[in-house]
Amino acid sequence: MPKKVLKEFRVEYLQVLDEKGSCDETLMPKLSNDEIKKLYEMLVLIRVFDQKAFNMQRQGRLGTYIQFKGQEACQVGSAFALNDDDFIFPMYRNSGLLIARKHPMVQVLQYWNGDERGLKSPPNVNNFPISIPVGTQEIHAVGAAWAAKLRNTRQVAATYFGDGATSKGDFHEAMNFAGVFQIPVVFVCENNQYAISVPRKKQTHSETIAQKAIAYGFEGIQVDGMDIFAVYKAMKDAVEKARSGNGPTLIECFTYRLCDHSTSDDASKYRPKEEADEWAKKDSIERLEKYMRKKALLDDAYKENVLIKSKDIVEKAVTEFEKLPLPDPKDIFKYVFAEMTPQQKEEMEEMFGN
């Protein structure tokens, strides 16, 4: 039998702002100067937080911590395109996303110190808890978005995951259901090139992750994940499409983690230094600074002031965090269900007494 040649599928690659700070004005999303400054200030703030949290872990002042350095634009750019009452379903590398989504910095630190109460969402925003299991949050996001569709609330759900999660069954189940029922959900893949130590080319033969959406009947787009304007534009378009009833989108943010997988990892064991150095040249903060200088939106004084202010905000949050009382060990029994079962009460009494 003759071999059947399948049509090659390709997806759009979006870049608005290049590494030199040059912008394609035909693609530039509508952002005021003040909004651009807010994006920049948030990028700096979460990077300062990320480094501080890492330092605290090394000093024994925080539990295991997962950095997001290099992926700030993915998280800030997408967060700014969402409404507060939209839902986010984050992965473990999304501390920056939570902060950009108005989650108190103190609570983020609280969570990374082993206190689950840190993930309780503020009343004014719909932030679901961080997912540690890889990919399970994608199904939850589709469920929330489906509920929003049935209730006609015009809310959108966004779920965040890494390239490794696209090799999990949860990802494909969520994508398939979202495509079939035209669910108002945005799938945001922060493709940082490695699933812990496994390079992308060893876990999928797809030319891009974005094209995986084609099989499920909806749009996939690949964007420069270190270009905050491209991320914002892609996310804003996807959110508006979902809110209008036109279904889901898969956004692949093509990026790189400029850090280890976690504080228990050493990326130099599996990533060549030359590769990391090349990616560092694409840094989202530096390229935005170059653009802002050209537009007279940034000078040395403003840059220094933003950094000082960010450090002050982070240090105040750390001081407040370190004054928090430790969680009550009995909480492991008290909050599993709305009401404790007789067996739980018995076990708690055996362990802690009356």
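For region 148-174, which positions are farther than 17 Å from Glu240 by Cα and in contact with a Leu (Cβ under 7 Å, 6 or more places away or on another chain)? Don't jump to the end; show me each part of the working.
Restricting attention to region 148-174, the residues satisfying the condition of being farther than 17 Å from Glu240 by Cα are 150-151, 160-174.
Answer for region 148-174, where residues must be farther than 17 Å from Glu240 by Cα and in contact with a Leu (Cβ under 7 Å, 6 or more places away or on another chain): just Tyr160.
So the check is Cβ under 7 Å with 6+ separation or different chains; which pairs have a first residue in region 17-42 that's farther than 12 Å from Phe80 by Cβ and a second one that's among the hydroxyl-bearing types (Ser, Thr, Tyr)?
Leu17/Tyr291; Gly21/Tyr291; Cys23/Tyr291
Does region 332-340 contain at least one residue that is assigned by TED's automatic domain parsing to the domain that holds Val231 and among the acidic types (Asp, Glu)? Break it down stepwise before answering.
Filtering region 332-340 down to residues assigned by TED's automatic domain parsing to the domain that holds Val231 leaves none.
No - not one qualifying residue is present in region 332-340.
Scan region 286-311 residue by residue and report those that are outside any helix (DSSP H, G or I) and surrounded by fewer than 13 Cβ atoms within 10 Å (Cβ to Cβ).
Listed by number, the residues that qualify are Lys295, Ala296, Asp299.
Assess whether Ala79 counts as being within 18 Å of Val186 (Cα to Cα) and in contact with a strand residue (DSSP E or B) (Cβ under 9 Å, 6 or more places away or on another chain).
yes
Can you tell me which residues in region 10-24 are surrounded by fewer than 15 Cβ atoms within 10 Å (Cβ to Cβ) and either modelled with pLDDT of 95 or more or not charged (D, E, K, R) (or both)?
Listed by number, the residues that qualify are Tyr13, Lys20, Ser22, Asp24.
From the list Gly135, Gly114, which one is in contact with a Gly (Cβ under 6 Å, 6 or more places away or on another chain) and over 26 Å from Lys309 (Cα atoms)? Before the answer, list the steps.
On the way: Gly135 fails: in contact with a Gly (Cβ under 6 Å, 6 or more places away or on another chain).
The conditions single out Gly114.
I'd like to know if region 179-194 contains one or more residues that are assigned to a loop (DSSP other than H, G, I, E, B), at pLDDT 95 or above and hydroxyl-bearing (Ser, Thr, Tyr).
Looking through region 179-194, none of the residues is assigned to a loop (DSSP other than H, G, I, E, B), at pLDDT 95 or above and hydroxyl-bearing (Ser, Thr, Tyr).
The values are calculated or read from the model by the stated rules, or taken from the named source; none is laboratory data. In this text the structure is predicted, and so the values were computed from the model without any measurement. Using ideal geometry, Cβ is built from the backbone for each residue, glycine included, and neighbour counts are taken over all protein chains shown.
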